[in-house]
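Only the coordinates and a few stated rules stand behind these numbers; no lab work does. The shown structure was predicted, so the numbers you read here are calculated from the model rather than taken from an experiment. Because the Cβ atoms are built from the backbone with ideal geometry, glycine has one as well, and the counts that use them run over all protein chains shown.
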Amino acid sequence: MVKINVGVIFGGRSVEHEISIISALQAIHSIDRNKYNVVPIYITKQGQFYTGEALTEIENFKDLDQLVSRCKQIVIANHKGEIVISEYPPSMFRKGRLGTLDVALPVVHGTNVEDGTLQGYLEMLNLPYAGCNVLSSALGMDKIAMRMVLKEAGLPVLDYVWFYSKRWFSDPAGVYEEIESRLAYPVIVKPANSGSSVGVTPAANREELEDALDLAASFSNRIIVEPKVVNLREINCSVLGDYEKAIPSVCEEPISTEQILSYKDKYMGEGGKGMGGAKRRLPADLPADQTAWIQELAVKTFHVLDCSGVSRIDFLIDTASDQVYVNEINTIPGSLSYYLWEASGKSFAELTEELIQLALKRKRERDNLVFSYETNILAMKGKGGAKGIK
């Protein structure tokens with residue numbers, strides 16, 4: 001049997017760079033090597049691509065300079081329909097070509113990678129890839145656009161105020177007035193496009209709001225402010241599939257040590273296991289009907305945003321009213337939410353298998369669509385082909 005070459009892509013110019021490394025190596029070691037050749041593809045914080053066997057061991061990432069010196073810098077290109085990995089820079093003394101890719105498994109988090117940027121690059125290469133497409137990736141990363149879409153679809157989201165960070169610096173009085181007229185303290189201030197709780201801060205008064213807005217503005221040029229749910233329970237549910245069939249996982253309740261679930265809570269738990277090592281109640285202690293409602297909302301959110309692969313949808317429950325709100329979606333969740341699927345009866349190896357097969361299915365469907373016409377209007381001499389240019 002000819003094995004499929006799977007490029008596991010991770011790293012990137014993102015504040016969640018290290019978390020991506022942990023998630024990716026977990027995925028790499030779960031993939032069935034009897035069916036797939038795994039090609040690790042690491043994107044440095046400077047945006048350079050590398051490959052090499054040394055990238056498969058977490059200990060090697062303690063010294064990044066030494067690590068990349070043991071690997072090969074590469075470029076990926078579409079050569080006559082074949083996705084080729086070549087050494088960079090090219091040399092007349094080296095073979096150059098290192099191999100080919102059949103499918104990509106992006107395990108990236110945050111801006112410049114999870115937000116549709118990398119997905120657009122893979123689409124331009126015509127390389128099938130697992131997970132969300134450009135649109136759903138961009139919506140999932142942008143908290144403002146995501147809330148607009150979910151609200152339009154009738155899904156329950158908190159009220160919010162948003163603005164450009166430049167407005168905060170030029171008109172702080174106007175920003176204070178808008179927030180305080182629309183929302184009551186306490187509030188939560190978030191950068192519009194960061195993940196893993198980076199730059200997310202609660203504020204109980206104007207003084208704290210000022211500090212929170214300054215911090216959020218250092219991570220994003222757009223800021224969103226929402227009411228803080230005081231009587232809060234946070235519940236997460238993963239969804240696996242595509243537009244035809246999507247199934248929810250069991251629900252979990254992450255346990256925070258602070259007012260909000262922090263970066264430390266999520267990723268700095270036992271043994272450096274990323275989200276897999278965070279503290280949680282699994283399954284969450286919820287009434288059966290509330291669990292079913294959250295799972296239904298998770299699948300609806302997944303479909304409304306046109307997601308594919310595996311995502312994790314995070315919910316807020318106001319225990320004073322029992323109201324459930326969709327908080328956000330993680331289109332490539334930490335550790336690929338394998339722990340939620342293991343609790344649902346699906347192994348990590350089965351999860352990565354489904355992700356790869358979903359990627360190949362989408363590629364087959366995409367190949368049936370029309371993206372260009374064979375006719376070249378620029379070659380239609382004497383037939384008015386050039387008259388359309390003004």
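Of note:
- If both residues of a DSSP beta bridge must be in region 1-58, then about 25% of such bridges are antiparallel.
- A straight Cα-to-Cα reach below 18 Å connects residue 72 with the aspartates and glutamates 53, 57, 63, 87, residues fewer than 8 places away in its own chain not being considered.
- Simple rule: put +1 on each Lys or Arg Cβ and -1 on each Asp or Glu Cβ in the chain, find the dipole, and look at 338, 379, 292; the Cα lying farthest toward the positive end is 379.
- Proxy reagent accessibility, fewest Cβ within 10 Å first, across 230, 370, 299: 370, 230, 299
- Sorted ascending by nearby beta carbons within 10 Å, beginning with the fewest, 100, 352, 51, 331 become 100, 51, 352, 331.
- Oblate is the label for region 161-227, because a/c, from the alpha-carbon gyration tensor with a ≥ b ≥ c as root eigenvalues, is 1.5 or above and a/b does not exceed b/c.
- DSSP beta bridges in the chain [antiparallel fraction, %, rounded to 5]: 80 percent
- Exposed chymotrypsin sites (Phe, Trp or Tyr not before Pro) absent - longest run of the chain, DSSP non-H/G/I/E/B, at most 12 other C-beta within 10 Å: 94-242
- Hydrodynamic radius by Kirkwood, which averages 1/r over all alpha carbon pairs of the chain, in angstrom: 22.4 Å
- When peptides 184-193, 20-29, 279-288 are sorted by average Cβ neighbour count within 10 Å, with the highest value leading, the order is 20-29, 184-193, 279-288.
- For the chain, a crude dipole built from +1 on the beta carbon of Lys and Arg and -1 on the beta carbon of Asp and Glu, taken about the Cα centre, is about 1940 debye to the nearest 20.
- MRE, 222 nm, helices only [DSSP H, n ≥ 4, -39500 (n - 2.57), over the chain, to nearest 500]: -9000 deg cm²/dmol
- DSSP-defined beta bridges in region 4-129 - what % are antiparallel, rounded to 5: 55 percent
- Helix screen, the chain: no DSSP H segment has Cα axial length of 30 Å or more and mean Kyte-Doolittle hydropathy at least 1.0.
- Top positive-direction residue, dipole computed over region 161-227 with Cβ charges, set 220, 189, 199: 220
- Exposed-loop-free span, longest in the chain, where GluC sites (Glu not before Pro) count as exposed if DSSP calls them loop and at most 14 other C-beta atoms lie within 10 Å: 58-243
- Percent breakdown of C-alpha pair distances by 5 Å bin, ordered from the shortest bin, for region 4-129: 2, 11, 21, 25, 22, 14, 4, 1
- Check: region 161-227 dipole with +1 on Lys, Arg Cβ and -1 on Asp, Glu Cβ, in debye: 300 debye
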